[in-house]
Amino acid sequence: MGKSPDIGNVIQINHGQRYFTTYLHLQSRDVSVGQTVQRGQLIGRVGRTGPTSNNHPHLHFELAYDADNNGSATWGNSTSERIRPWFNGVEYGQANSRTWRNVTSNNCGGTPAPTCSGVNLDFTAYPLIQQGSNGSLVKAAQCRLIAAGHNPGEPDGDFGPDTATATMAFQSARGLTADGDIGPRTWTALLSYGSTPALRNGSTGADVSRLQRALTAALGRTVGIDGDFGPNTEQAVRDYQTTRSLGVDGDAGPQTWAALQAGR
């Protein structure tokens, strides 16, 4: 997993028994090397990185079998280890003129993945929540746990044993005290979890909103969450950098993201 000069951002998932899926041309990656992922988890965002994307955003993924058993699978050309998919006993691929257009999806059966579509993550404060808490803040925390690969079950706004267990697993993975409560440090790590793009005054978008949420939790004061990195957000970054003994420049770079994602 990384970045290729030809195909841009890449994620490859090892499914076991030498089978892999590879995702190409991604705008960003939301998982790290060696991380365990699960069904329904956000791993990255569709994009158009790399010159072979032809500058068109699209989802490009390939199935592959590690024929030489070297621990990874090659992709992208006729001599690679990619293989054709099978659905309901039918092989799909260009050679037999059957493509994804011939596939009817029923989500492959099984238990539907938890859904966080439309769940509000933006609050003026992120107070302590723990087992027995309920409401919209709990639902937001459950969705962030799902995004981080620690599934508490369906996000229902009820902080029960499953949410506490998922929280402790997340805390352990981040080097935080694994008490199952979501206080300032855990909120900061949860809300900042994801990719770490360089952001500065003038930046906009979802990553800026994610930064603003994390700063609200870390600083214990409201940082406007609007996806616009303006003077107020720059000052919040400077205040955070100062109180955490980081280099103070007002930009959210690698050190600032690392501190946020460690729950500092």
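The values are calculated or read from the model by the stated rules, or taken from the named source; none is laboratory data. Predicted model only: the values in this text are computed from it and were never measured. Neighbour counts are summed over all protein chains in view; Cβ atoms, including those assigned to glycine, are modelled from backbone coordinates with ideal geometry. These accessible areas exclude ligands, DNA and RNA; they are computed on the full protein's heavy atoms, side chains included. Shrake-Rupley method; radii C 1.70, N 1.55, O 1.52, S 1.80 Å.
Structure values in brief
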quantity	calculated
Some residue of segment 36-53 being charged (D, E, K, R), modelled with pLDDT under 70, open to solvent by 60 Å² or more (accessible area, probe 1.4 Å) and out of contact with any strand residue (DSSP E or B) (no Cβ under 6 Å at 6 or more places or on another chain)	no
Per-region count, segment 128-139, residues open to solvent by 30 Å² or more (accessible area, probe 1.4 Å), more than 22 Å from the chain's Cα centre (by Cα) and under 14 Å from TRP187 (Cα atoms)	2
Hits in segment 199-224 - residues which are open to solvent by less than 40 Å² (accessible area, probe 1.4 Å) and β-branched (Val, Ile, Thr)	VAL208, THR216, VAL223
Matching residues in segment 241-264 - criterion: being open to solvent by less than 10 Å² (accessible area, probe 1.4 Å) and under 23 Å from the mean Cα position of the chain (by Cα)	ALA252, THR256, TRP257, ALA259, LEU260, GLY263
Criterion (within 14 Å of the chain's Cα centre (by Cα), modelled with pLDDT of 75 or more, surrounded by 13 or more Cβ atoms within 10 Å (Cβ to Cβ) and polar (S, T, N, Q)) met by exactly one of GLN27, GLN12	GLN27
Any hit, segment 230-238, residues being open to solvent by 10 Å² or more (accessible area, probe 1.4 Å), in a helix (DSSP H, G or I), modelled with pLDDT of 95 or more and in contact with a Leu (Cβ under 6 Å, 6 or more places away or on another chain)	no
Matching residues, segment 253-264, being in contact with a Lys or Arg (Cβ under 7 Å, 6 or more places away or on another chain) and not in a helix (DSSP H, G or I)	ALA262, GLY263, ARG264
Members of segment 140-176 that are more than 20 Å from GLY263 (Cα to Cα) and open to solvent by 30 Å² or more (accessible area, probe 1.4 Å)	GLU154, ASP156, ASP158, PRO161, ASP162
